[in-house]
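Okay, so here's the structure we're looking at.
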Amino acid sequence: MAAANFWDNQESAQAAVANLKSLKAITTPLNDLTSAAEDLTVLLEMCQEDPEMEEEVTGEICRLEALCEELELKSMLNGQHDSAGAMMTIYARDGGTDANDWAEMLLRMYLQWAGQHDYSVSLLDRSDNDVAGINSATICVRGSMAYGYLKGETGIHRLVRISPFNSEGKRQTSFAAIDVAPEISDDVEVEIDEKDVREDTYRASGAGGQHVNKTDSAVRLTHEPTGIVVQCQNERSQHKNRASAYKMLRARLARVEEEKREAEQAQKYKDKARVGFGSQIRNYFLHPDQRVKDARTGYSEGNFHSVLDGNIQGFLESFLRWRIGQD
């Protein structure tokens with residue numbers, strides 16, 4: 001990083017910085033723990049001579065136990081792409097306008113979580129609904145172990161509430177689907193035969209002024225062998241949108257290969273009907289009571305609004321522990 005030409009290639013430089021952060025996220029607390037363990041030995045000796053130090057020693061032991069648990073959790077993030085950025089797509093599913101609104105609520109939830117944990121986020125694609133909320137949106141979350149933490153969010157998220165869009169005040173159940181794939185650097189080989197990819201261009205929707213109405217800048221790619229569809233319309237340039245769309249496609253294909261490898265070698269997804277994309281993984285209730293419960297791990301939170309404000313770390317960590325138990 002000290003080299004004079006380090007920043008000549010912005011993408012590779014940013015990847016190197018991200019890699020350094022990921023390494024420091026492990027080595028810094030590990031070094032702190034090793035040093036603190038040595039200090040604890042001295043404290044224990046001092047406590048034998050001065051019993052009044054017992055409370056201080058107890059507090060330090062509790063702190064080190066918490067640090068050990070945090071490191072143990074990070075050790076679970078050992079997948080091939082766990083240290084990579086995460087490309088997350090949120091789709092509105094069944095539930096009409098409520099589902100569109102719910103999809104936007106989830107988008108905000110993940111943006112809030114990212115901000116709280118010092119992740120950077122870029123918007124790759126967003127399709128707004130005519131009435132409220134979004135039809136879909138794709139974001140890229142970059143930071144230490146972003147994909148490792150977020151990959152368990154893939155699946156159906158179900159909301160039960162009194163609908164704000166129903167004049168009769170009836171209870172409404174709505175669904176949103178989330179798909180998460182790793183952001184793959186150009187150094188990682190992902191074979192894509194361009195003959196297998198159908199490209200469609202169309203006019204971008206949403207903000208953008210006269211430019212949006214005059215050019216077909218948005219790009220949609222369909223990988224015919226797998227049926228994977230990605231699209232990007234956030235950039236004004238069709239060339240940039242195409243590059244971003246191919247990046248998204250490489251990420252999705254890499255995730256497919258990762259799941260195949262895990263299923264074959266470690267059988268990490270024994271119950272794919274519960275884990276895979278298109279399955280219900282979490283329930284969010286605003287009526288008759290407030291609670292959020294993960295259908296896989298059983299982990300729950302009683303404060304619905306706190307969860308929607310981005311406090312989802314408990315769900316992410318419980319999934320990591322649950323997944324280890326499934327291996």
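The values are calculated or read from the model by the stated rules, or taken from the named source; none is laboratory data. Every value quoted in this text rests on a predicted model; they were computed, and no experiment measured them. Neighbour counts run over all protein chains shown; Cβ positions are idealised from the backbone, glycine included.
What the table below lists for this structure:
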quantity: Strands (runs of 3 or more DSSP E) wholly inside the stretch 114-197 containing at least 3 residues that are in contact (Cβ under 8 Å) with a residue 60 or more places away in the chain; calculated: 120-128, 155-162, 171-182
quantity: Evaluation of N166 against (1) outside the structural domain of A295 (by TED's automatic domain parsing); (2) modelled with pLDDT under 90; (3) surrounded by fewer than 21 Cβ atoms within 10 Å (Cβ to Cβ); (4) more than 23 Å from Y110 (Cβ to Cβ) (one fails), failing number; calculated: (1)
quantity: Close pairs from the stretch 309-322: first assigned by TED's automatic domain parsing to the domain that holds E104 and surrounded by fewer than 17 Cβ atoms within 10 Å (Cβ to Cβ), partner modelled with pLDDT of 95 or more and not in a loop (DSSP other than H, G, I, E, B), Cβ under 6 Å, at least 6 apart; calculated: D309/Q112
quantity: Positions within the stretch 75-92 being at pLDDT 90 or above and more than 19 Å from G155 (Cα to Cα), in sequence order; calculated: none
quantity: Enumeration of residues in the stretch 118-158 that are among the aromatic types (F, W, Y) and either closer than 20 Å to S244 by Cα or assigned by TED's automatic domain parsing to the domain that holds A251 (or both); calculated: Y119, Y147
quantity: Pairs, first closer than 18 Å to E194 by Cβ in the stretch 228-242, second of a type in the set (V, I, T) and buried (at least 17 other Cβ atoms within 10 Å of the Cβ), C-beta under 6 Å, six or more apart; calculated: C232/V219; N241/V219; R242/V219
quantity: Within the stretch 136-181, tally of residues that are more than 14 Å from W102 (Cβ to Cβ) and of a type in the set (F, W, Y); calculated: 2
quantity: Selection count, the stretch 278-308, where residues are buried (at least 17 other Cβ atoms within 10 Å of the Cβ) and over 21 Å from Q172 (Cβ atoms); calculated: 5
